[in-house]
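Working notes, structure below.
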Amino acid sequence: MKDKNAVKIMGALAQTTRLRVFRLLMMSGKKGMAAGKIAKTLDVPQSTLSSHLKVMESVGILSSERQERKIVYRAEIKKVRSFVSHIVNDCCDGHKDICNPSLFK
């Protein structure tokens, strides 16, 4: 991952509601969660939530899929792993006993 992409992801997560949504979707795993359920769970108006989801989807850390009348969102785990690995790649000057970047791959 390039620094430019990592900065975009950090920017997308640098807002309280978006960070809460992201963490919720990370917990939901592969099954994801419908937008309505996200809004209800986090007590966020759907119109506000929609704009936050678009921001995160635009940087690639979320994806969406229409399932009948609802849209299900999922965290893009591969992209998140790549981001985290990039961030900790040079952690502690390579001292693997302190911080092992391979754990994030």
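The values are calculated or read from the model by the stated rules, or taken from the named source; none is laboratory data. Fair warning: this is a prediction, and the values are worked out from it, not measured in the lab. FYI the Cβ positions are ideal-geometry reconstructions off the backbone, even for glycines, and counts take in every protein chain you see. All accessible areas refer to the heavy atoms of the entire protein, side chains included, with ligands and DNA or RNA removed. Shrake-Rupley method; radii C 1.70, N 1.55, O 1.52, S 1.80 Å.
Points to keep in mind about this one:
- When segment 1-36 is filtered for residues that are open to solvent by 30 Å² or more (accessible area, probe 1.4 Å) and not in a helix (DSSP H, G or I), the ones remaining, listed by number, are Met1, Lys2, Ala14, Gln15.
- Among the residues of segment 73-87, the ones that are surrounded by fewer than 18 Cβ atoms within 10 Å (Cβ to Cβ) and over 9 Å from the mean Cα position of the chain (by Cα) come to 6 in all.
- Neighbours by Cβ (under 9 Å, 6+ apart or cross-chain): first from segment 26-37, on the phi > 0 side of the Ramachandran plot; second part of a helix (DSSP H, G or I) and open to solvent by less than 30 Å² (accessible area, probe 1.4 Å): Gly32/Leu25
- Leading residue by the ranking (farthest from Ala12 (Cα to Cα)) among those in segment 37-72 that are under 14 Å from the mean Cα position of the chain (by Cα) and among the polar types (S, T, N, Q): Ser64
- Of the residues making up segment 24-37, those that are within 13 Å of His52 (Cα to Cα) and out of contact with any strand residue (DSSP E or B) (no Cβ under 7 Å at 6 or more places or on another chain) number 0.
- The residues of segment 73-105 that are charged (D, E, K, R), modelled with pLDDT of 85 or more and assigned to a helix (DSSP H, G or I), listed by number, are Lys78, Lys79, Arg81.
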